[in-house]
Each structure stands twice: as structure tokens, then as C-alpha cells.
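As C-alpha cells, the structure follows; a few thoughts come after it.
The values are calculated or read from the model by the stated rules, or taken from the named source; none is laboratory data. Model, not experiment: these values are computed from the prediction. Note that each Cβ is placed from the backbone with ideal geometry, even for glycine, and that neighbours are counted across all protein chains shown.
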Amino acid sequence: MCTGKCSKCIGITLFPLAVCAIVSNILLYFPNGQVLQLSEITDMVWFFHGILGAGILVILPAFMMLGAGGAGCCANRCGMLLSVILSVLGFAGGAYCVVISSLGLIGGPLCDTGDGEYLYPFRNDTLEDNYLFNQTTWSICKQPENIILWNIVLFSILLAIGVIEAILCFIQVINGLTGFICGTCMRRRKTNISGM
């Protein structure tokens, strides 16, 4: 497979991942479909790791990869070099999403523990006592309903998307450098010797 076709495949793959990341991040603002006060939303959501990191910062290189892929080959090396630069940006966005999603999973959600005050009941847990491995502690959070499961599912989706996007962008960096240094795919032209 030539470097142009590889770019196109990676670019096409990144688009649905970026859209899923944006939707997942937006859903974190509405736990269990409820509209909450701004002060009642988990703090890690406000880092926009799905909207900005795994979303916008990945859509930009995806567009460039499609352009670099063209009709199977990139016409010039400058397009591949630009795709390398934007892929580094996409890698950073995916890595940013991974870091914030991991912190969101480890720290747990902001919730009402029954006394009307919203706090982070799982922030000081050790790994042995972590709420992720002990489902019986989930009953601590009374409101919003199912907030723990909501956060775990969406932060896990964002974590997985960030990892996949970072890997794909890293592959494109290598692919783009190969296309820039060695040239894009060369098509052998058939010569018609019967007319000579």
C-alpha cells in the first residue's frame, strides 16, 4: 500500500472516532439525561478532552490526510509533510484525551451523597479501595441517579477513542515521513510497444 492510500484510510477512520469523542464529551454534561447546575458537573468534563482534544484536534489532520491521500497517491511531498505536522497535533489531542479521561476515571464523579452537598466521595481512595473495583461503594452517590455508571462508561469510551486516535496519528507521522523522504507511491506506466 502506498503512503497516499494509507493516509486516506487513516483519515477516513479518524472522522467517526472524532465525532464519537465529541458526542461522549457532550453527554458527560448531562448525567443520566438530566440538566444540572454548572457547579454540579464533574470538573474533569470542563477540560473539553473529547470536544477539543479527541475531536477538533483530530478532525484537522483527518482532513489533511484525505487530501494527502487524494486518488490513491499524493501529488507532492509538501502535502505529506503537512500531514505529518498536523498528525503530531492529532497525536497530542488523542494523548490529552487519554490523560484527562484517566484522571476522570480515577477521581470519580461529583455527586450528592444524601445531604444535599455535592462532593467527590472517591477522590482519596487508594487503588485497593478504588470505586472502580468495588461496586458496593457506588451506593454512596444518591444524585444524579446512575452518575457513577454514566461517568465510567463515557470516560472509558473517551479513553479508548483517545488511545486509538493517538496510535493512528502516530502511524500517520511515520507514513507521512516515509512519503516525504522516499516519495509517494510510484505507478508504473505501461508502454505500448506494439505501435513501434
**Item:** Hits in the range 123-151 - residues which are of a type in the set (F, W, Y) and outside any loop (DSSP other than H, G, I, E, B)
**Value:** W138, W150
**Request:** Kindly list, by first and then second residue, each pair from a residue in the range 26-48 that is on the phi > 0 side of the Ramachandran plot to a residue that is surrounded by 13 or more Cβ atoms within 10 Å (Cβ to Cβ), limited to pairs with Cβ atoms under 6 Å and residues at least 6 apart or on different chains.
**Result:** N32/P144; N32/E145; N32/N146; N32/W150
**Prompt:** Among the residues of the range 152-175, is any modelled with pLDDT under 90 and either of a type outside the set (A, V, I, L, M) or in contact with a helix residue (DSSP H, G or I) (Cβ under 6 Å, 6 or more places away or on another chain) (or both)?
**Reply:** yes
**Request:** Taking the options I181, I174, I167, I140, name whichever one is surrounded by fewer than 19 Cβ atoms within 10 Å (Cβ to Cβ), farther than 20 Å from S102 by Cα and within 20 Å of the chain's Cα centre (by Cα).
**Result:** I174
